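Read through the structure below, which is laid out as structure tokens, and then see the notes.
The values are calculated or read from the model by the stated rules, or taken from the named source; none is laboratory data. Bear in mind that the values here come from a model prediction, so they are computed numbers and not experimental data. In this analysis, Cβ positions are derived from the backbone assuming ideal geometry, glycine residues included, and neighbour counts consider all displayed protein chains. With ligands, DNA and RNA removed, areas are computed over all heavy atoms of the protein, side chains included. Shrake-Rupley method; radii C 1.70, N 1.55, O 1.52, S 1.80 Å.
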Amino acid sequence: MAALNCIDLSSSDIQKSVSLLRQACSDSGFFYVVNHGISPEFMDEVFSQSKRFFSLPLDEKMKLLRNEKNRGYTPLLDQHLDPVNQIHGDYKEGYYIGVEIPEDDPQAKKPFRGPNLWPTADILPGWRETMERYHREALEVARAVARIIALALDLDGNFFDQSEMLGDPIAILRLLHYEGKISEPERGIYGAGAHSDFGLLTLLATDDVIGLQICKDKHVEPQIWEYVSPVKGAFIVNLGDLLERWSNCSFRSTIHRVLVSSQERYSIAFFVFPSFNCVVKCLPACHSEDNPPKFPPVTCGAYLMQRYEDTYVDRSS
């Protein structure tokens, strides 16, 4: 099991939180967050509603197939996160929910913007209301974590709250279900292939079935994989590639994967990105003459579209 730091969002000792987070971001890129303000009862409700959706017949789920705005259902094998080592795509199904923007809003014309796809209320009553509330509450947790990250990078605590960042974010809730297909790494079969997340940070809630593994050093051969233990009531938080670029690799976007036993497994991921047009470039405090920027500037939208294009099955052919 990986030993991860734990950040208490209710703590008044902000310097302790900053120190724990800085160490975690430099070491593993993963840590726990507790006392985040989302009640255990509501988390149980979100998991219950997620299970209700995934228990629907496949033909009902396929009516809500992921669209060009990256909203909706993704079936088994639809995503292929590690094509080098996987013989098929991931043995998981998912459901994407983004920031709800009405179709007649000019913003809805942009990539990753627009209305969500929702199961009808007669099939899943209360489902939309639960997921919209969770989206709002998870985004507030993400903003709180981002403020500690900013301080850990010697920035103003409100750095990521700027309008071009988390003031107008691409925030994606993804429900996930691993059906119980046993993973066989030696045969290239995984619940989710090895990958790093794309954005700023990810909040992950899981059930009590172990499956997530992290590799703290992707350059070591053979790679060493450690399980991350689920902690009731806690989020597992990890950093994404855009934060690694911002920090010039001083903060790590760590590769991870999911191995599945014969048990079903459910998890709820909340991926947080800055605004579509935000330019991500090395922070001034993270480079020097001896440590120049390792990545060219990139807009969040361009980076995100390329990463999704690289990992999803092309259904247009």
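Selection over segment 48-70 of residues that are open to solvent by less than 30 Å² (accessible area, probe 1.4 Å) and within 18 Å of the chain's Cα centre (by Cα) gives a count of 2. Scanning segment 226-246 for residues that are farther than 19 Å from V258 by Cβ and not in a loop (DSSP other than H, G, I, E, B) yields L242, L243, E244, R245, W246.
Among the residues of segment 250-290, those that are of a type in the set (K, R) and not in a loop (DSSP other than H, G, I, E, B) comprise R257, R265. Among the hydrophobic types (A, V, I, L, M, F, W, C), in a helix (DSSP H, G or I), out of contact with any Ser or Thr (no Cβ under 7 Å at 6 or more places or on another chain) and open to solvent by less than 50 Å² (accessible area, probe 1.4 Å): is that true of L203 in this structure? It is false that L203 is among the hydrophobic types (A, V, I, L, M, F, W, C), in a helix (DSSP H, G or I), out of contact with any Ser or Thr (no Cβ under 7 Å at 6 or more places or on another chain) and open to solvent by less than 50 Å² (accessible area, probe 1.4 Å).
Please enumerate the residues belonging to segment 26-49 that are in contact with a Ser or Thr (Cβ under 7 Å, 6 or more places away or on another chain), in a helix (DSSP H, G or I) and not polar (S, T, N, Q). Within segment 26-49, E45, V46 meet the criteria. Here T254 clears all of (1) within 19 Å of the chain's Cα centre (by Cα); (2) open to solvent by 10 Å² or more (accessible area, probe 1.4 Å); (3) among the polar types (S, T, N, Q) except the condition numbered (2). Of the residues making up segment 9-25, just one is under 20 Å from the mean Cα position of the chain (by Cα) and not in a helix (DSSP H, G or I), namely L9. Against the list (1) within 14 Å of G94 (Cα to Cα); (2) modelled with pLDDT under 95; (3) crowded, with 20+ Cβ neighbours inside 10 Å, the condition Y73 fails is (2).
Matching residues to (1) open to solvent by 50 Å² or more (accessible area, probe 1.4 Å); (2) part of a strand (DSSP E or B); (3) more than 16 Å from W246 (Cβ to Cβ):
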position	(1), (2), (3)
I148	no, no, no
D154	yes, no, no
M165	no, no, no
G199	no, no, no
D208	yes, no, yes
